[in-house]
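The values are calculated or read from the model by the stated rules, or taken from the named source; none is laboratory data. A quick note: this is a predicted structure, and the numbers were derived from the prediction, not measured. Glycine gets a Cβ as well: all are built from the backbone with ideal geometry, and neighbour counts include every protein chain shown.
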Amino acid sequence: MPSARAGSAEFTTALATFRQNRLRLWTGMTLCRLSVVRLAKGEPEAAALAGESLSTLRGIGGDWRRATVLVAPGRARHAQGRLEAARGHWEEAFALFDELGHPDAREAEELLQGLGP
């Protein structure tokens, strides 16, 4: 398994290629994965990357992909102490997963429960 530093470098390289070739789906997914790596490293730009991922993927990829991507900015906002923003992301992710009958609804529900009332 590559280190977080190596993973970050690989995602950054891939991101440049996807942007250059105007591959929105792969650009958005790479931004999401890069935000997860940066969040794990405690880097503050993780939230901005997660938000850019959501913007890039708007209107493409379907409900499952949107729900999957919503979890990342929720985690980033939570790490910043922005609990209501995290709640908003996770509530939307839960609603989408639940509507799809997807088992990841449980993860989103647990994240919400961790925030309390």
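General observations
- Pick from the stretch 58-74, criterion free of Cβ contacts under 8 Å to residues at least 40 places away in the same chain and of a type in the set (A, V, I, L, M), ranking: farthest from R24 (Cα to Cα): L70
- R38 without any contact (Cβ under 8 Å) to a residue 40 or more places away in the chain, in a helix (DSSP H, G or I), over 25 Å from G116 (Cα atoms) and in contact with an Asp or Glu (Cβ under 8 Å, 6 or more places away or on another chain): yes
- Failed condition for G7, given (1) at pLDDT below 90; (2) under 10 Å from the mean Cα position of the chain (by Cα): (2)
- Which numbered condition M29 misses (of (1) closer than 20 Å to S8 by Cβ; (2) not in a helix (DSSP H, G or I)): (2)
- Taking the criterion of being of a type in the set (F, W, Y) and closer than 25 Å to P44 by Cβ, the only residue of the stretch 63-117 that qualifies is W90.
- Subset of the stretch 40-64 that is at pLDDT 90 or above and of a type in the set (D, E, K, R) - its residue that is farthest from F11 (Cα to Cα): D63
- Flag for R38 being over 9 Å from the mean Cα position of the chain (by Cα) and closer than 29 Å to R19 by Cα: yes
- When residues of the stretch 41-52 are limited to those that are assigned to a helix (DSSP H, G or I) and small (G, A, S), the one surrounded by the most Cβ atoms within 10 Å (Cβ to Cβ): A50
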